[in-house]
Amino acid sequence: MNRVVKTLLCLVVMVLIFAADGFALDKYYLLKKGNIARDEGKIEEAIEYYQEYIESHPTTRWAHSNQYHKRIQYYIRNLLIAYSNILDIYKENGESEPLDKWIKKLKDAYFSSSFGSKNMYSLARIYLDNGLSPDAIILFEQIIREQEKNHNPNNNKVMLRAYSKLLKIYKSQGKNEKATSLIGSLRSNYPASDFDLKDKHKLAALYLKYGMETDGEELLREIIDEGDFHSDSSNINVLIKTYSKLLKICHNKKDRDCVEQLAEQISHKFSAPGLSPNNMYTLAIAYLKCGKKEEGSRFLTEITDHYSYTTFGRKALFLLGRLSQSNKDWDSAIGYYAEYVKRYPDPPFFALKAYSRLIDSYWSRDANMELVQDETRDLCDIVNGISDFETQLNLARDLRWKGMDEMASATFSLGLSSAMTFISENKNTYKALRAYWTIEKYAYAMDRFDLVEESANRVLEIVNKLKNAPLRSERNEKVEHIKSQTYLWLAKVYRERQDHPEAARFLKMFIENYPNHKDMDYARYELGMVCEDENDSEEAISMYRKIGDGMWKRKAEMRLSILGH
């Protein structure tokens, strides 16, 4: 009898397991099948599953039963995943008509009373990915308002992410007043008493990024004080990041006492064996940037000795080689780079970078040109056999800088041939655009100005063709970045040719079209130099005076002093 009962129980359990998907209100099995089909490259099949899932979803059909309302956010989350996946497919295939149709269906499915903050954030991200920033902004603002009106500790993190996205959007659109008002609102309302250390760290990072350095530093120090009482493993990551940020702040202030004090606290609180490779690498970088090479190297060595199989083991070994080179410790540099090539032959781009530095170190130690030439021939044999075009072009530039012009020219020709084959296989796509951009920068290093100009013209043609293509917002940003850099490369080429009007034209286009670009000071300095070349000292002075800060400001001040201002 007992055996019969056990058998029946097993059968019931199996039925429940296999029927679980069938009991789900949203036919979740269709979403899973769509994901599997997409992973297997069966795109049409995936589309059918996603469409069937969306059409049968209780949100789409307005089948809002009591059971649905009990898990409404879960069901909406699944629906958004399906929409995101199907929209991605249409974008990748360049199908604008069905893309517009399903975006409209997505908008019709949204009702603010049903969507929680986390699902609103996911929906806003989908809008951003599909070039609908006004719709995304409305949702981000709503998330923030609802959290202020009805505070929910579970929504602290999504609220901070909404603030972060909005600030980034406002800055990118040049809406500085809105950004200032928003960061002021954030400061007046938060941190809330229920913020955990991660929330406070995110808030401090926003303060530091958007001009409230004092508030950011104070909050970081508060995190450290609070962390003394909550130093469990879940908070170690945020404490390490906090110490790293404070080390950078103190170093930038040239406050050595502060740096030493923080380093002492770190040594007392954390020992290398108890830290993850990620956290050790974070601390190593922070130490190195504030001049504490011994402490930084110690963490890097610990990573390479015990975590060589991780990404951080790879990074740490390469960085140890660079540190040895900067210290002119050629034997150690040779050892580190040789070990890197031995351990990590793939991907070839970084292996060849290490090999190139290995040659540098041999040459610096032995000054034996015959040895260097032998090593270089071996390097180029590897390039010819396994590397992609970007690796080949990069190596050509490195060889040119080392004075090996013939080897550089041959390697560049090889890389260029590979690049053109790649472009022919990906005509008028983002991949082709990026390949032409890659050719631009390496061709300039090789003094191939004709090729820079030709590649730049192809870049601008493809950018124009991609204008109407449905692209993710991040991809659009990358396209615009490539376009902006192309203007700068063309300006450099025309200045080299002493075609000053053309150089000025492209620099002015850059300045007008990208007012918030990180290279703005460089562009203004270059335009000032072009104006000087044209004997227009008044316009040159005007450009130099508009430069903000940093290296280009110092260079501009030198030019102004030469011009008598």
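The values are calculated or read from the model by the stated rules, or taken from the named source; none is laboratory data. It should be emphasised that the depicted structure is a prediction, and the values quoted were computed from it without experimental measurement. For neighbour counting, all protein chains shown are included, and Cβ atoms are generated from backbone atoms with ideal geometry for every residue, glycine included.
Observations
Conditions tested, residue by residue: (1) crowded, with 18+ Cβ neighbours inside 10 Å; (2) without any contact (Cβ under 8 Å) to a residue 24 or more places away in the chain; (3) basic (Lys, Arg).
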residue	(1), (2), (3)
Ser409	no, no, no
Glu425	no, yes, no
Asn428	no, no, no
Tyr436	yes, no, no
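- Close pairs (6 angstrom Cβ cut-off, 6 or more residues apart or separate chains): among the acidic types (Asp, Glu) in the range 128-139, surrounded by 20 or more Cβ atoms within 10 Å (Cβ to Cβ) and at pLDDT 90 or above anywhere: Asp135/Tyr127
- Among the residues of the range 345-357, those that are under 25 Å from the mean Cα position of the chain (by Cα) and assigned to a helix (DSSP H, G or I) comprise Pro348, Phe349, Phe350, Ala351, Leu352, Lys353, Ala354.
- Filter result for the condition that a residue is touching a Ser or Thr at 6+ places or on another chain (Cβ under 6 Å), crowded, with 17+ Cβ neighbours inside 10 Å and at pLDDT 65 or above, over Phe389, Phe350: Phe389
- Every pair of residues 6+ apart whose Cβ atoms lie under 9 Å, when the first sits in the range 527-546 and is within 22 Å of Trp489 (Cβ to Cβ) while the second is of a type in the set (Phe, Trp, Tyr) and at pLDDT below 90: Gly528/Tyr544
- Note on the range 172-206: residues that are in contact (Cβ under 8 Å) with a residue 60 or more places away in the chain and surrounded by 17 or more Cβ atoms within 10 Å (Cβ to Cβ) total 0.
- All positions within the range 330-347 that are of a type in the set (D, E, K, R) and buried (at least 16 other Cβ atoms within 10 Å of the Cβ): Glu339
- Annotation note: Cβ proximity below 8 Å between a residue of the range 494-516 that is hydroxyl-bearing (Ser, Thr, Tyr) and a residue that is part of a helix (DSSP H, G or I) (sequence gap 6+ or interchain) occurs for Tyr494/His500; Tyr494/Glu502; Tyr494/Ala503; Tyr494/Phe506; Tyr514/Glu480; Tyr514/Ser484; Tyr514/Met520.
- Selected residue (criterion: surrounded by the fewest Cβ atoms within 10 Å (Cβ to Cβ)) from residues of the range 91-100 that are farther than 12 Å from Gln51 by Cα and not polar (S, T, N, Q): Glu97
- Matching residues, the range 145-162, being at pLDDT below 95 and closer than 12 Å to Leu182 by Cα: Arg145
- Just one of (1) free of Cβ contacts under 8 Å to residues at least 24 places away in the same chain; (2) exposed (fewer than 15 other Cβ atoms within 10 Å of the Cβ) fails for Glu222. It is (2).
- Scanning the range 307-326 for residues that are without any contact (Cβ under 8 Å) to a residue 24 or more places away in the chain and out of contact with any Phe, Trp or Tyr (no Cβ under 7 Å at 6 or more places or on another chain) gives Tyr309, Thr311, Ser326.
- Any hit, the range 202-221, residues being among the charged types (D, E, K, R), assigned to a helix (DSSP H, G or I) and within 17 Å of Val158 (Cα to Cα): yes
- Residue within the range 468-477 that is under 30 Å from Ile86 (Cα atoms), in contact with a Gly (Cβ under 9 Å, 6 or more places away or on another chain) and of a type in the set (A, V, I, L, M) present: yes
- In the range 254-275, the qualifying residues are those that are touching a helix residue (DSSP H, G or I) at 6+ places or on another chain (Cβ under 7 Å) and farther than 17 Å from Ile223 by Cβ, and the one that is surrounded by the most Cβ atoms within 10 Å (Cβ to Cβ) is Val259.
- Residue count for the range 446-465 under the criterion of being closer than 17 Å to Leu393 by Cα, without any contact (Cβ under 8 Å) to a residue 40 or more places away in the chain and not aliphatic (A, V, I, L, M): the result is 5.
- Test result for Arg448, more than 29 Å from the chain's Cα centre (by Cα) and of a type in the set (D, E, K, R): yes
- Conditions (1) under 20 Å from Arg357 (Cβ atoms); (2) of a type in the set (A, V, I, L, M, F, W, C); (3) modelled with pLDDT of 90 or more; number of the one not met by Met420: (1)
- The residue of the range 512-565 that is nearest to the chain's Cα centre (by Cα), among those that are among the small types (Gly, Ala, Ser) and surrounded by 12 or more Cβ atoms within 10 Å (Cβ to Cβ), is Ala523.
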